[in-house]
Amino acid sequence: MDPLSDVFSLLRVKSVLSARFEASGPWALRFAAYRHVKFVGVVKGERWVWIEGVTEPTKMKEGDFCLLTDGSPYCFASDPGVARQDGEQVFASHLGADGIVRYGRGEACAISVGGIFQFDGDMSALLLNLLPPLVLVCADSPDARSLSAALEMIRAETESVRPGAAAMRGSLANIVLVNILRAHLAANPRSAGWLGALADPRIGSALRMVHEAIARRWKVEELASKVGMSRTAFIDRFKDLVGLPPLEYLIRWRMTIARDALRTGNDNLSSIAAAVGYASETTFSSTFKRMFGQSPSRYRSEARTKV
């Protein structure tokens, strides 16, 4: 798989669509700090969004999406000057049996949908490293077409409760996350961090080669040559973008895959070692213990007892 799909598969992203929000009149909601990542899409009307103490109020229009990544308290409002109320309390007290939060009187002039992504695994830091706290994707941006289609499906899915709603909503939320990240990278090809590295023509190519052949005995010189760079320039640029030297990244990714196999599969240690590029089970076990502080056998045993 490509690197982003690889990371998603190990993160085991749990995606949840929250309640549809329909508001009329002036309104402003403040939400407390949270874990992981949230998103919001505007189905109708306009709204302002900002992260307390981090960003200035930004207007979102119909069809726009935003991604909140840093866990800080945040606000949505029809106007930044409106007195803010506790968002969680408003949602709890105005939630209808159909799963829609209706606030204010009269016809809704602002409709939005949102969700939260929860990640299982240590790779979340890799995915989110150096992402802006607020990622905004405008409906009229060149890379928002897939998001527009997803928003229309979410709009229809949240209008009423239908059979298969949980499965459908989780899948739609995943589509939203991947496409927001794609749009962000397309609009910001020089983004810092691992995601930005994927958009770099040479380092992104090296990452794809490593992920496509994780068990191959890669050498830095070989990777550098394949992407048309000198060894020194390749190491420096890889470390600058990814945050790790090439071989250290390879080792960490191998051990991450191995740890997942130990936790979820039944292959023996020799098979897992070979799958991630180690001919010697002893070398594999030593590397695993150095990275995670315990042997593969002990990790598997403890992981199984927690299930």
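Return the residues of segment 185-238 that are in a helix (DSSP H, G or I) and hydroxyl-bearing (Ser, Thr, Tyr); say none if nothing qualifies. Answer for segment 185-238, where residues must be in a helix (DSSP H, G or I) and hydroxyl-bearing (Ser, Thr, Tyr): Ser205, Ser225, Thr232.
Evaluating Arg300 against the criteria (1) under 27 Å from Ile203 (Cβ atoms); (2) basic (Lys, Arg); (3) touching a helix residue (DSSP H, G or I) at 6+ places or on another chain (Cβ under 8 Å) leaves one unmet condition, (1). Considering Arg35, Arg20, the condition of being farther than 12 Å from Ala110 by Cβ and either at pLDDT below 95 or of a type outside the set (Ser, Thr, Tyr) (or both) is satisfied by Arg35 alone.
Checking the structure you have, find out if any residue of segment 117-124 is farther than 25 Å from Gly196 by Cβ and in contact with a strand residue (DSSP E or B) (Cβ under 7 Å, 6 or more places away or on another chain). The answer is no, given that none of the residues of segment 117-124 is farther than 25 Å from Gly196 by Cβ and in contact with a strand residue (DSSP E or B) (Cβ under 7 Å, 6 or more places away or on another chain).
Selection of segment 175-227 for residues being open to solvent by 70 Å² or more (accessible area, probe 1.4 Å) and either hydroxyl-bearing (Ser, Thr, Tyr) or within 23 Å of Ala258 (Cα to Cα) (or both) yields Arg208, Glu212, Arg216, Arg217, Lys219, Ser225.
Regarding segment 278-300, can at least one residue be identified that is at positive phi, part of a loop (DSSP other than H, G, I, E, B) and open to solvent by less than 50 Å² (accessible area, probe 1.4 Å)? No, because not a single residue in segment 278-300 is at positive phi, part of a loop (DSSP other than H, G, I, E, B) and open to solvent by less than 50 Å² (accessible area, probe 1.4 Å). All conditions but one from (1) within 26 Å of the chain's Cα centre (by Cα); (2) farther than 18 Å from Arg208 by Cβ apply to Ser270; the one that does not is (1).
The values are calculated or read from the model by the stated rules, or taken from the named source; none is laboratory data. The model shown is predicted, which means the values in this text are computed figures rather than measured ones. Cβ coordinates were reconstructed from backbone atoms using ideal geometry, including for glycine residues, and neighbour counts include every protein chain displayed. All accessible areas refer to the heavy atoms of the entire protein, side chains included, with ligands and DNA or RNA removed. Shrake-Rupley method; radii C 1.70, N 1.55, O 1.52, S 1.80 Å.
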